[in-house]
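So the structure is just underneath, and the comments pick up after that.
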Amino acid sequence: MTTNSNSELTNWSSQGEALPINFSKETEINEDSRPEFQLLQAAAGGHTNAIQLLLKQGTIVDINVSTKRGVAGDSGRTAVSLAAENGYDEIITLLAAAGADVNISTLMGYTPIFYAVARGNMQCVKVLIDAKADLEASPLNTSSTPLWIARDSSKKHRKNKQIDNSERFDAIAEVLVEAGDKQPKVNTCMIL
């Protein structure tokens, strides 16, 4: 699998390719679509076998392709971001091993680790750390870090008496600190 520019992908919708409004765990693969689109669908829907098949076929596909930025409200999430958001650590592992960049951000500056932390996906956080995720990345218009998000989520769950969720985010914060994430900066705003 090779990494190409997004230039040939920028006109998907003008070429008749329907882009979904939302990639989610329920996303099914349209096998008639371009390989890059199948990659995004497989990552979002947790289709590990499809990812493996796309990687093994030797098809030239941009593994760093992103959803079309600004179309249907999407902000340009990569297959790694979609897998992180939906809790598919095995897919992140496969993509990272194939050379996917785990630090590509959306239009708002969110990298895959932000999605993993915000959703409380501990295994995804660990895989991204192992793949050298930037722990000090900060989205646009904010000084949030993944650690700040974990601690803030814990605080909110504790306030709502959701102790199990609070403890899950505390554990994620501990993993981030052990990996070298520093004390978070003061946050101004967070929109995923």
Based on the Cβ-Cβ distance of residue 136 and residue 31, what FRET efficiency does E = 1/(1 + (r/R0)^6) give at R0 = 35 Å, to the nearest 0.05?
0.30
94, 176, 140 arranged by Cβ crowding within 10 Å, fewest neighbours leading
140, 94, 176
Percent relative contact order of region 126-180, based on C-alpha pairs within less than 8 angstrom and at least six residues apart?
31 percent
What distance in nm separates the two pseudo spin-label positions at residue 164 and residue 60, each 7 Å out from Cα along the beta-carbon direction?
5.0 nm
How much length is gained on full extension from residue 101 to residue 155, taking 0.36 nm per residue of separation minus their Cα-Cα distance?
16.3 nm
Set the bar at 24 Å for Cα to Cα. Now go through 132/159; 132/155; 156/182; 68/155 and name every pair that lies beyond it.
132/159; 132/155; 68/155
Distance in Å, no decimals, from the C-alpha centre of region 97-132 to the one of region 139-179 is 15 Å
Using packing as a proxy for protection, rank 41-52, 110-121 so that the peptide with the highest average count of other Cβ atoms within 10 Å comes first.
110-121, 41-52
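Taken together, the values in this text are just the output of simple stated rules run on the coordinates, not laboratory data. Since we're looking at a predicted model, the values are computed, not measured. Methodologically, a virtual Cβ is constructed for each residue, glycine included, from the backbone with ideal geometry; neighbour enumeration extends over all protein chains shown.
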